[in-house]
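Peer 1: Pasting in a structure now, in structure tokens, and then I'll have a few things to ask.
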Amino acid sequence: MHQNGRLTEVGARFAFGLRGLLVALVVAGGTVHAAESLDAIRDLARQGAPQLAERLLRRDQPSRLDSPAEWFGWERERIALLRLQGRHDAVERRLEQILGEPVPHSVAVWALQELVTAQLLDSRDAAALGTLRKLLWNGAPPTGDAPVDVWQRQIATAYLRLGRGEDADRALARYVARPDEDMTALALLRARVSIQIGRHEAVAGALADISGDEAELLRWLAVLRMEPGRAREVLKAASELAARIRLSDGQRQQAWALMAEAAAAAGHRPGQMTALERLFDAERLHTDLGGVFTPALSQLREAYLAYGAEVASTWQLSEDEAQWLGIAKTAQTESPFAARGLYGVLIEKSGDSATREAAAMGMLDLLVNEDMGGMLALRLFSQPDLFAINAALPNDLRHRLIDLAIAHDDVRRAADWSVDLDEPLSRSVDFDRRLRQARVLLLDGRDSQAIALLLASVVDPAMADAATRDRFVQVVFDLQAAGRHAPAVELFETLLRDTEDVQQRRELWYWIGDSRKALGDPVAAARAYLASAGEPDPYSMDPWAQTARYQAAEQLSEAGLTLDAGAIYARLLSVTRDAARQALLRSRIHQLGIKARARANGE
């Protein structure tokens, strides 16, 4: 148990680093703190702590009413910090709050501009169009320096990504470029609009003076759609494009989409499958893909089925499904795409549920390896209408997918597959599966179900294994994090009854103290912390015991038991040689004296 991640955090405290503890107490206790400067906050963000920078910014930001100019400067920094963290939804919420307040016209225009950018980054193109209309109709500053050209280009981009190419073309027809404007982005936009509305012959002219990966990709796409007979040539070019290290994620996904389209046109099913699998295995899909590609998981499914039928014909397979299944398993190493095709046909066409399940498990094994396949499998099996098996996934397959979802921090999918999954409540089911099920339920906010599952599992014979106990405790920490401290105490106390190991008992008592403190029971918390300090020697003053005793003293003080608290502080003071720790303990003793005098005087 002592190797777990939570103990790393607790262990830092058990080293009795009271300098850090003093800082924490000052902040938590509401003690006066020095306001951070905006430059210092920027430095924190540059050093890799944008969340801390944002928290300090919210704490120290000047008032909008008292110092509007300063407030606005800090507000711009807040939006920049949120964007740095990729929190586009938080950017939108904050900007909408600003727009709901009586702010100056220039601030409102800035907020609308930033809101458009966030909406486009979040692929909320229809919302972005609405915001852009507000800017064009009502938002131009009286000074006349509004970037109307930028807004018009954003309107064309939103129309393009919404599939409204004709509207995008009309928006660009009214667009007048500035002499100092970067023409590359505009040329690429014009080329994409031309492709979407079928004017492929115009792409070469639009990109005549433009170089770069995106321009090359769009040229090849125009060639493919004008001359399908050159599909293999385009496939080769797209493969080389996709292999370039310098590409952004969005550009690489567009290259894979071009590969898939070219391979399909060339009748090259393995090439199509390869490209689509790479595309749909991306952690984050760029859903618009420049407004010119429309890849879909259904295309991958159709590729599997088509290639499976082709393989069955070429290999002259009979209609015996068991034979297909055996051949697919054998082919997984030497002919993995043939195996994919055969598995796909069996998943879709077999009338036997056991065969469908075996094929789905085989497909999952094929798709998921150390390098890729996790997100692809999650997407393939999460659409009920994609494969016949998806509407009612077998429990074994669901458990595998839940594990995958947790590994990819995909709580939503893990929770969806956990609904009505009763099997984990059975003792016959693997303990780790039940534990993962409890974690998924907690992450999805279904605390009561998770607690029932944990209470049923804590007495499982598997808990005799130290590594298993450690994994169990990690889930109880999740329970604490969810604020469910009463069941956490019950689970820790159950573990305590069956534990002889001294260090484990110290840890359990300490964590019980944490939960008792959170429950507002300082007496019970102090009792638990003292038990942690006193295992096995009630007079121990090693670093662990010192920290546990300090926490006990804090809780005794909270409960008004100042004599006991003072005695523990004094005992700690007698054994520490660190000046900062001594200062903290003397401060605590002094505060107890003030409280005692106040009570004596009836204050």
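Peer 1: With the requirement that a residue be buried (at least 22 other Cβ atoms within 10 Å of the Cβ) and over 14 Å from PHE293 (Cα atoms), what does the stretch 158-170 give you?
Peer 2: The answer is ALA158, TYR159, ALA168.
Peer 1: Looking at the stretch 180-209 only, could you name the residues that are surrounded by fewer than 19 Cβ atoms within 10 Å (Cβ to Cβ) and not in a helix (DSSP H, G or I)?
Peer 2: ASP180, GLU181, ASP182, ILE197, GLY198, ARG199, ALA208, ASP209
Peer 1: Across the stretch 210-231, what is the number of residues that are aliphatic (A, V, I, L, M) and in a loop (DSSP other than H, G, I, E, B)?
Peer 2: Going residue by residue through the stretch 210-231, those that are aliphatic (A, V, I, L, M) are 210, 215, 217-218, 221-224, 226, 231.
Next cut, in a loop (DSSP other than H, G, I, E, B) only: 210.
So the count comes out to 1.
Peer 1: Now, a different point. Inspect all residues belonging to the stretch 94-103 and state whether any of them is part of a loop (DSSP other than H, G, I, E, B), without any contact (Cβ under 8 Å) to a residue 40 or more places away in the chain and over 30 Å from GLY130 (Cα atoms). I'd like the intermediate steps shown before the answer.
Peer 2: Within the stretch 94-103, the subset part of a loop (DSSP other than H, G, I, E, B) is 100-103.
Filter again for without any contact (Cβ under 8 Å) to a residue 40 or more places away in the chain, leaving 100-103.
Still in the list and also over 30 Å from GLY130 (Cα atoms): none.
No; the residues of the stretch 94-103 include none that is part of a loop (DSSP other than H, G, I, E, B), without any contact (Cβ under 8 Å) to a residue 40 or more places away in the chain and over 30 Å from GLY130 (Cα atoms).
Every residue, every condition in (1) more than 23 Å from VAL502 (Cα to Cα); (2) modelled with pLDDT under 90, yes or no:
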| position | (1), (2) |
| --- | --- |
| PRO536 | no, yes |
| GLN546 | no, no |
| TYR550 | no, no |
| GLY560 | yes, yes |
| GLY566 | yes, yes |
| GLN582 | yes, yes |
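Peer 1: Okay, next question. Taking the stretch 330-386, which residues are more than 13 Å from MET273 (Cβ to Cβ), touching a residue at least 40 places away in the same chain (Cβ under 8 Å) and not hydrophobic (A, V, I, L, M, F, W, C)?
Peer 2: Selection gives GLU348, SER353, GLU357, GLY374, ARG379, GLN383.
Peer 1: Another question, then. Just the residues that are of a type in the set (A, V, I, L, M, F, W, C) and farther than 20 Å from VAL523 by Cα, please, taken from the stretch 545-582. It would help to see each step written out before you state the result.
Peer 2: First, pick out the residues of the stretch 545-582 that are of a type in the set (A, V, I, L, M, F, W, C): 545, 548, 552-553, 556, 559, 561, 563, 565, 567-568, 570, 572-573, 575, 579-580.
Once the filter is applied, which keeps residues that are of a type in the set (A, V, I, L, M, F, W, C) and farther than 20 Å from VAL523 by Cα, the stretch 545-582 yields LEU573, VAL575, ALA579, ALA580.
Peer 1: Any idea how many residues of the stretch 90-119 are buried (at least 21 other Cβ atoms within 10 Å of the Cβ), of a type in the set (A, V, I, L, M, F, W, C) and under 21 Å from the mean Cα position of the chain (by Cα)?
Peer 2: 2
Peer 1: With in contact (Cβ under 8 Å) with a residue 60 or more places away in the chain and surrounded by 13 or more Cβ atoms within 10 Å (Cβ to Cβ) as the only criterion, which of LEU584, LEU561 stands out? Outline the logic, then answer.
Peer 2: Numbers: LEU561 fails: in contact (Cβ under 8 Å) with a residue 60 or more places away in the chain.
Being in contact (Cβ under 8 Å) with a residue 60 or more places away in the chain and surrounded by 13 or more Cβ atoms within 10 Å (Cβ to Cβ) holds for just one of LEU584, LEU561, which is LEU584.
Peer 1: Taking the conditions exactly as written (basic (Lys, Arg), within 26 Å of LEU443 (Cβ to Cβ) and buried (at least 17 other Cβ atoms within 10 Å of the Cβ)), does ARG484 satisfy them or not? It would help to see each step written out before you state the result.
Peer 2: Values: basic (Lys, Arg): yes; within 26 Å of LEU443 (Cβ to Cβ): yes; buried (at least 17 other Cβ atoms within 10 Å of the Cβ): yes.
When the stated conditions are applied, ARG484 passes them.
Peer 1: Let me ask you something else. So if I check each of LEU300, LEU317, which one is part of a helix (DSSP H, G or I), closer than 30 Å to LYS349 by Cβ and over 25 Å from the mean Cα position of the chain (by Cα)? Explain how you work it out, then say what you get.
Peer 2: Working: LEU317 fails: part of a helix (DSSP H, G or I).
Of LEU300, LEU317, the one residue that is part of a helix (DSSP H, G or I), closer than 30 Å to LYS349 by Cβ and over 25 Å from the mean Cα position of the chain (by Cα) is LEU300.
Peer 1: Can you name the residue in the stretch 448-470 that is in contact (Cβ under 8 Å) with a residue 40 or more places away in the chain and buried (at least 17 other Cβ atoms within 10 Å of the Cβ) and, of all such residues, is nearest to the chain's Cα centre (by Cα)? Show your work before the answer.
Peer 2: Pass one, the stretch 448-470, residues in contact (Cβ under 8 Å) with a residue 40 or more places away in the chain: 466, 469-470.
Next, from what is left, pick out any that are buried (at least 17 other Cβ atoms within 10 Å of the Cβ): 469-470.
On the way: ARG469: 27, ASP470: 25 Å.
Checking each candidate, the answer is ASP470.
Peer 1: So which residues in the stretch 236-272 are hydrophobic (A, V, I, L, M, F, W, C) and crowded, with 24+ Cβ neighbours inside 10 Å?
Peer 2: Let us first name the residues in the stretch 236-272 that are hydrophobic (A, V, I, L, M, F, W, C), namely 237-238, 241-243, 245, 247, 255-260, 262-266.
Correct list: ALA238, ALA255, TRP256, ALA257, LEU258, MET259, ALA260, ALA262, ALA263.
Peer 1: Could you identify the single residue in LEU325, LEU376, LEU366 that is in a helix (DSSP H, G or I), out of contact with any Leu (no Cβ under 9 Å at 6 or more places or on another chain) and at pLDDT 90 or above?
Peer 2: Values: LEU325 fails: out of contact with any Leu (no Cβ under 9 Å at 6 or more places or on another chain); LEU376 fails: out of contact with any Leu (no Cβ under 9 Å at 6 or more places or on another chain).
None of the other options fit; the residue is LEU366.
Peer 1: Moving on. Checking ARG246 against (1) of a type outside the set (Val, Ile, Thr); (2) assigned to a helix (DSSP H, G or I); (3) within 27 Å of the chain's Cα centre (by Cα): exactly one of these is not met. Which one?
Peer 2: It fails just one condition, (2).
Peer 1: Next up: Looking at LEU495, LEU508, which one is in a helix (DSSP H, G or I), at pLDDT 90 or above and buried (at least 20 other Cβ atoms within 10 Å of the Cβ)? Before you say what the answer is, go through the steps one by one.
Peer 2: Working: LEU495 fails: at pLDDT 90 or above.
None of the other options fit; the residue is LEU508.
The values are calculated or read from the model by the stated rules, or taken from the named source; none is laboratory data. Because the structure is a prediction, the values reported are computed rather than measured. Glycine gets a Cβ as well: all are built from the backbone with ideal geometry, and neighbour counts include every protein chain shown.
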